[in-house]
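Following: one structure in structure tokens, then a few remarks.
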């Protein structure tokens, strides 16, 4: 490499572009070329959300085409915000697990209208933003024990994997045993092949492997007649009108929805913090004490993106762990986020293909992401029942009650109860007592209603 090609010289020559200077590319030891490659890699790693999110929210009664457009817009806006506000290569999009919470817990589980559910997401984003700006985030994280923080993603992973198997038809209802093994239909078999392919591509760290598997299964499904093919390759994007700015804020302001609002906030908080810590560590952005100087700005961008996304018509937007793929490819600044966001916006013209992707093609994504999220369970200390019981209840009650918030509430209440009966009540932080009371109120409303 010549001197002219080094990051340092690129950052000091008069020819260096204003974007390079704005994002301090040379200072971070990167180059514009690496940022472009890193941003494109991140897009490929997380682009599956363009297909999966509309499929999940459509089950809540929302217009799938409009949600596809909004998913892309929310992803681009959140990613740009993180890049500009915090100068980090951490992309954002509607979160897996959070979209399942929206559809299967709030709408199908509690019987809420999707407009009211969007109001719940909106207020959860407002609460998240207030806690972040007030510096209260650290207290919330510290109040909840590590075992429960690890149990939350594991439980959500088990939940969305269960949904993936249901969508494939491999898990079916049964009057005696509640669930049983479903038929191995051609579409289910094709979906399982897609799951194997996605896992293999991930094993070899091929960027966009999950997206490739989704598209491959969809194409085979179109060619074999298992699903209707798209009517065109390119077109104008569907109007977001059917879902944009339709949220019911007044309907979301009821006592029964206080716990779901905080549940969304908790899940988003832990999801985002975990992703940020992992990606910052890989990018070398943490200080000697493991702190991320830009943490509050990243979380503020996350909260604002959630509020904007809810207004546009999608579930909670969060920081994506798939950003690590772009970081591994060289991304170190927010310039990579501009590339990722630009590719999301480019996807708007491919909405005919997005709308034609069948459910059995996106189901493997749910299962594989569920597996990846469930891996946090190995870090939970299960040797002591006072720790194991709350974590176990959190994990298993999410899929068994078809409700993420119910699993959270049982876990929070169980932790306080176990601490009291074991003589360790003094170890429970004051804020955790409040969280447990809110959780108990939510469970009481469920049983009473």
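Over the chain, DSSP H runs of length four or greater, each weighted -39,500 (n - 2.57), average out per residue to a 222 nm ellipticity of -20500 deg cm²/dmol. Size descriptor for the stretch 337-418, Kirkwood hydrodynamic radius: 15.9 Å (Cα pairs only, one decimal). The Cα-based radius of gyration of the stretch 256-403, divided by its Kirkwood radius, gives an Rg/Rh of 0.99. Note: the stretch 65-170, Cα convex hull, 147 Å³ per residue.
Counting neighbouring beta carbons within 10 Å and listing from fewest to most, the residues 427, 27, 59 come out as 427, 27, 59. Could you state the number of Å between the C-alpha centres of the stretch 48-101 and the stretch 137-203? Going from one Cα centre to the other spans 20 Å.
Over all projection directions, the Cα-based convex hull of the stretch 25-373 averages an area of 17.8 nm².
Each reported figure results from applying straightforward, stated rules to the coordinates on display, with no laboratory input. None of these values were measured; they are calculated from a predicted model. Note: ideal-geometry Cβ built from the backbone for every residue, glycine included; neighbour counts use all protein chains shown.
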